[in-house]
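Just so it is clear, none of the values below were taken in a lab; they were calculated from the coordinates. These figures come from a predicted structure and were not determined experimentally. Ideal geometry is used to build each Cβ from the backbone, glycine not excepted, and the neighbour counts take in all protein chains shown.
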Amino acid sequence: MSSQQPVYQNYINGTFEAASEHLEVFNPATGETLSRVPESRAEDVERALAAARGAQKAWAARPAVERAAYLRRIAAKIREDVPRLARIITQEQGKVTALAETEVNFTADYLDYMAEWARRIEGEIIESDRPNENIFLFRKPLGVVAGILPWNFPFFLIARKMAPALVTGNTIVIKPSEETPNNCFEFARLLDTVGLPAGVFNVVSGSGATTGNALTASREVDMISFTGSVATGSRIMTSAADNITKLNLELGGKAPAIVLDDADLDLAVQAIRGSRIINSGQVCNCAERVYVQRGVADEFIERMARAMGATTYGDPLAQPDVEMGPLINQAGLDKVGAMVQTALADGAELVTGGGLGDRPRGYHYQPTVLTGCRQDMQIMRQEVFGPVLPIQVVEDMDEAIALANDSDYGLTSSIYTRNLASAMRACREIDYGETYINRENFEAMQGFHAGVRKSGIGGADGKHGLYEYTHSHVVYLEA
Ligand code: NAD
């Protein structure tokens, strides 16, 4: 590692602090070391939580519009710095520059959007059964939030947790993924220039087993807001059980895409292919399996194979024109490769891709299409999180909906049809947190992003996402 590469410091109580132990951060397109970041111990975590606790009451006592003003100032700082921030994200996460810039701009927009809620946090006045009694329902902050982040949209997810938390009067300690902490420290550097009171926003980096576990097991945390895998979500529930800590869990997905005989095939191919290559297929709500109706199956598969096979990929900084970057790390690459091999051994057919390709270095996997897939195969049931599209042919909409709903996951789903009655039937019968009709992701910030089954508990965005960071306080006043 060259001496010019940064050594980042935790951000605790408004101060950047040197750490005694560090982790290295790598560029997944090249393998080179980018930085060193703190491997925070339980004592670091407790200091950050104490700072957040110390700041919370005074923060909550301010009018919400004042709290929101800080979010707007951070948004403005972010907008002044888009290319640099996008480059830092691409370097450590591997997404192409255009997507990284979209992520940065969306983050600023999200901070502004949540700031707009400051004047709309509403309680209720409820009719009483008794004479002369008033019943008031107040919405109050929970206190201290622990925000634990994955690596796939690392910059945006800071805002998705801190903006609703702060505008409703909570304080927060963020733990970025050990794969992508650099952008979080850059966020903290920008935030440090807007005069936010010390302790309101804190960052501690480190591994899940050490830093993450110290956060989720602490009595000082009033809410754990976690985005990541089902396996980690389950461990966090266990860790939070002793303190009965409130949980908001945004977990994995295995999004089904249904293509009916009456679909606009141009649209379906373009949308599903886009959804499978964006961020190299490492998105929780991207099409992970396709059910195509027999009448259009051959044409759909042929067109999809051509489109996926033509996708350019490589190092997004060295080759700015590529459509797709690498996977996040060796473990991700091994998992995708092994799942494709298992599918082939179980009888799937490879139509395009299926290997590492010829890139000289980095964790690249070829855009891949598999046909002849069956519902009992691992590739149709477990999250791949890579640019691999397994396709199963179905006879009719009944079969497609039954197979789509037959999943441990329940985050997002999509359906392609020109028939309004089929679209409305999908609304009624698809058991998912979100359904996209004639398009793929992404969700809107004013919607509500939430999964059913193992995809999570609670949700994010919009009014419902905002209120996840509050508790109700009902007061009975006889007067
Ligand atoms: P992950 O579960 O491996 O890690 C997520 C975070 O949890 C990291 O910061 C990690 O350090 C931490 N962690 C790990 N073990 C921990 C422990 N024992 N205690 C506390 N924290 C711990 O997930 P990942 O690989 O970073 O992200 C990919 C996953 O995230 C995919 O499954 C994807 O579907 C999911 N995801 C979901 C959404 C959504 O909105 N539902 C959004 C993005 C990603």
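A few remarks follow.
- Residues of the stretch 15-35 with an amide N closer than 19 Å to a point placed 7 Å from the Cα of Val7 along the Cα-to-Cβ direction: 15-26, 33-35.
- Loop trypsin sites (Lys or Arg not before Pro), the stretch 443-479 (other Cβ atoms within 10 Å of the site Cβ: 12 or fewer; DSSP): none
- Distance-filtered residues of the stretch 185-213 - backbone nitrogen under 18 Å, label point 7 angstrom along Thr33 Cα→Cβ: 206-207
- Size of the chain as Cα extents on the principal axes (Å, biggest first): 70, 69, 41
- Relative to the longest principal axis of the Cα atoms of the chain, the long axis of helix 154-167 lies at roughly 40 degrees.
- Label-to-label distance, nm, for residues given as Glu429 and Val194 (7 Å Cα→Cβ offset): 4.7
- Entry for the stretch 194-242 at q = 0.17, 0.26, 0.27 Å⁻¹: log10 I(q)/I(0) = -0.57, -1.08, -1.14, Debye formula applied to identical alpha-carbon scatterers, no solvent contribution.
- Secondary-structure-derived ellipticity at 222 nm for the chain, considering helices only, amounts to -12000 deg cm²/dmol, per-run term -39500 (n - 2.57) for DSSP H runs with n ≥ 4.
- Taken as Cα centroids, the stretch 1-74 and the stretch 201-228 sit 12 Å apart, rounded to the nearest whole angstrom.
- In Hz, Karplus ³J(HN,Hα) per residue of the stretch 211-217 (6.51, -1.76, 1.60; θ = phi - 60°; x = Gly, Pro): 6, x, 5, 4, 5, 6, 8
- Distance from the stretch 302-325 to the stretch 391-416 (C-alpha centre basis), Å: 27
- The chain: angle of helix 64-79 to the longest principal axis, Cα-based, in degrees nearest 10: 50
- With all pairs of separate Cα atoms included, the stretch 18-96 yields a Kirkwood hydrodynamic radius of 16.0 Å.
- Cβ-Cβ FRET estimate between Thr312 and Glu133, R0 fixed at 41 Å, reported to 0.05: 0.05
- Solvent-free Debye scattering, log10 I(q)/I(0), computed from the Cα coordinates of the stretch 13-53 at q = 0.26, 0.35 Å⁻¹: -0.89, -1.16
- Using a simple spin-label model with pseudo-atoms 7 Å out from Cα toward Cβ, Gln319 and Leu267 lie 3.3 nm apart.
- Relative contact order for the stretch 349-471: 16 percent, from Cα pairs under 8 Å spaced at least 6 residues apart, divided by residue count.
- When both bridge partners sit in the chain, DSSP labels roughly 40% of those beta bridges antiparallel.
- Placing a pseudo-label 7 Å from each Cα along the Cα-to-Cβ vector at Ala69 and Asp376 gives an inter-label distance of 6.5 nm.
- A viscosity of 1.002 mPa s and a temperature of 20 °C, combined with the Kirkwood radius over Cα pairs in Stokes-Einstein, give a translational diffusion coefficient for the stretch 79-132 of 152 µm²/s.
- A Cβ-based charge dipole, computed about the Cα centre of the chain with Lys and Arg at +1 and Asp and Glu at -1, lands at about 1140 debye.
- Tail weight of P(r) past 19 Å, computed on alpha-carbon pairs of the stretch 177-296, percent: 64
- Angle between the chain longest axis and helix 420-429 axis [Cα atoms, degrees, rounded to 10]: 60
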